[in-house]
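Read through the structure below, which is laid out as C-alpha cells, and then see the notes.
The values are calculated or read from the model by the stated rules, or taken from the named source; none is laboratory data. Bear in mind the structure is a predicted one, so any value in this text is a computation, not a measurement. No Cβ is skipped: glycine too gets one built from the backbone with ideal geometry, and neighbour counts run over all protein chains shown.
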Amino acid sequence: MMKPNINRSIRQLFLRQKNLIYCLFLPPMKKIISVFSITVISLFVLAVFGWMSVHISKGDKDFGFANEPIRFMYSFLDQFNKSVKEVENLSATFLPIWNEFEPINKLESDLKILISYSESNSFRAVAIRNLKNDSIEYKWSIPEKAGRWDRVVNPYVLDNKDLVYFYTDNTGLRRIDSTGNFKWKQDSVMAHHSLNVDSAGNFWVCTKNKPKGSATASYKIDGRTVYYDDDYITLIDAQTGDMIFHKSVSEILKSNKLNNYILQAQTAKDPLHLNDIQPALKTTKYYNEGDVFLSIKQSSILLHYRPETNKVLKVFEGPFSAQHDIDFYNDSVLTIFNNNSYPHWTTETKSKPANDENLVKSGNFYSNIVRYDFVSDKYSFIGDSLFRDQKLFSSTEGLHEFINDSTYFIEEQNNGIYWVIKNEEVIYKDIFRSLKSGYCHLPNWARVIH
C-alpha cells in the first residue's frame, strides 16, 4: 500500500537533485562556454587584424576602405608611446596651454619686454620682444647648457646690450656682452627670484649659500633642533661681479628681534622664501637712497631694511598673502603683486556639509595689486574686480609693472599669460607660444623695457 508514496518521494528527490545540479553547474558552464567563445572570436579577429596589418605595411595587398582604419590602429600605440616619451623628456620650461582663448591686442604703440625662453631642452635664450607686433627685436643665446629644470629668471639688459642673468637656484650672476661673450661670473652663491639695480648701477639679488639643497640655518624649539633653508640679500658690483654686501635674512630678523616670523611659516624647511629686493633709488621723507624693501613670502610680510645700519625700519603686514614683486609707484606709494594665495599651497579642506546654506562665505580670492600709501599709512587695491572678472590668478611667482599712471603690465606666471591693462580695460592678453604643439613658454619674470 505504501509503494506509490515511496516512488513519488524518490521521484521528487531525484527532481530536486537534478535541479540542484543544474543550478550549481549550468550557469558556470554557460559562462565558461561564453568566455571560451569570446576568446576564440577575439583571437580570430586579432589574427585577421595582424595578417591585414602585415600586408598593408608591406603594400602588397589592398583591403579598400579598411586600409586607413587598420593603419591608424596598428600605428596608434607607437604614436602614443612616442608622445608619452616626448612629454617625459620635454623641459619643464614648456607649459601646457591649459585653456585656449582669443588673444587681445589693442596696443597703439610699441611695448617691449625682456623675456627668457627655451630654444630647446638644453639651451635657453633671452630676447627683447615687442608685444605690439609679436616680434623678436634682439636675442641672446645663453652660452651655458641648461638642465631640464633650469630657468633664466628676471634677466637685465644694459644700455650697451650687455646682459646680466642667472639660472635660478643653480648659479650666481653672469654678465655677457651683446654677442654672448662672458665678462664675469659670480658663482660663490646661488641666485634666485628677482634681480634689481640700485642707484649706483649695481645688482641686488636674492641668493642662497651653497651647497644646493643643504640646510643653511637652524633654531631650537622645545629643545628640538630644526634645520632650514635660509635666504640672503646680496649686492653685486656691476663692473667686476664682486660681492659688495651679503647678509642672512635670518640674521636680519634676529638682530631686529623679529625672528618670531620664522615660526609663522606653514613649512619649517623653507620658513622665509625671500622673493624680491626692491632698492630705493632716492631719498624721500619715507626712506633713504640705499634702503631696500624685502618681500618674505612665507609669513606674507614686507620689510623696510637699511643695510648701512642693519635696521628694519618697518614691517608691512597688509591685505596680501604669498605676495611677490614690490615696486615704487611714486615717491610715496608702493605697489605689490598680491598672489592672494596660501604661502605654502594646500588642497586640504573639510568635507562639504549636508546643508551648506548657512555657511559663512568668507571670500572669492583671485590675485590683485595692493597699493600702500606712506602718507596715509593705508592700503588699497588696484584691479581687484577686473582680476576677479578675468579669473586672473597666480598662486606662485607673478609680477606687475606700471608703464604709466593708467597702464600696467601683468605676468600671470602659473598660466603663462601676459596682460596689459589700461584704465581697468584689458588691451593685451596672450601667451608666448613655443614650437612644441600644445605648449607655450613658461614666463620667467619678464621685464618691461622703458
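Worth a mention:
- In region 111-168, the residues that are touching a residue at least 60 places away in the same chain (Cβ under 8 Å) and of a type in the set (Gly, Ala, Ser): Ser116, Ser118
- In region 306-318 there is at least one residue that is part of a strand (DSSP E or B) and within 26 Å of Asp405 (Cβ to Cβ).
- Within region 425-450, the residues that satisfy the criterion of being more than 14 Å from Pro96 (Cβ to Cβ) and at pLDDT below 95 are Leu435, His450.
Residue-by-condition table, conditions (1) part of a loop (DSSP other than H, G, I, E, B); (2) at pLDDT 95 or above:
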| position | (1), (2) |
| --- | --- |
| Arg71 | no, no |
| Gln79 | no, no |
| Val87 | no, no |
| Ser109 | yes, yes |
| Tyr117 | no, yes |
| Tyr138 | no, yes |
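- Residue within region 325-336 that is within 21 Å of Ala446 (Cα to Cα), assigned to a loop (DSSP other than H, G, I, E, B) and assigned by TED's automatic domain parsing to the domain that holds Thr267 present: no
- Residues located in region 151-167, provided they are surrounded by 21 or more Cβ atoms within 10 Å (Cβ to Cβ) and in contact with a strand residue (DSSP E or B) (Cβ under 6 Å, 6 or more places away or on another chain): Val152, Asn154, Pro155, Leu163, Val164, Tyr165, Phe166
- Qualifying residue in region 322-334 (condition: surrounded by fewer than 22 Cβ atoms within 10 Å (Cβ to Cβ) and under 24 Å from the mean Cα position of the chain (by Cα)): yes
- Total residues in region 363-412, condition within 22 Å of the chain's Cα centre (by Cα), on the phi > 0 side of the Ramachandran plot and surrounded by fewer than 17 Cβ atoms within 10 Å (Cβ to Cβ): 1
Matching residues to (1) outside any loop (DSSP other than H, G, I, E, B); (2) in the same structural domain as Ile296 (by TED's automatic domain parsing); (3) more than 23 Å from the chain's Cα centre (by Cα); (4) over 17 Å from Val249 (Cα atoms):
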site: Lys183; (1), (2), (3), (4): yes, yes, yes, yes
site: Asp187; (1), (2), (3), (4): no, yes, yes, yes
site: Ala191; (1), (2), (3), (4): yes, yes, no, no
site: Ser194; (1), (2), (3), (4): yes, yes, no, no
site: Pro211; (1), (2), (3), (4): no, yes, yes, yes
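- Among the residues of region 155-162, none qualifies, meaning not one is assigned by TED's automatic domain parsing to the domain that holds Ser116 and modelled with pLDDT under 95.
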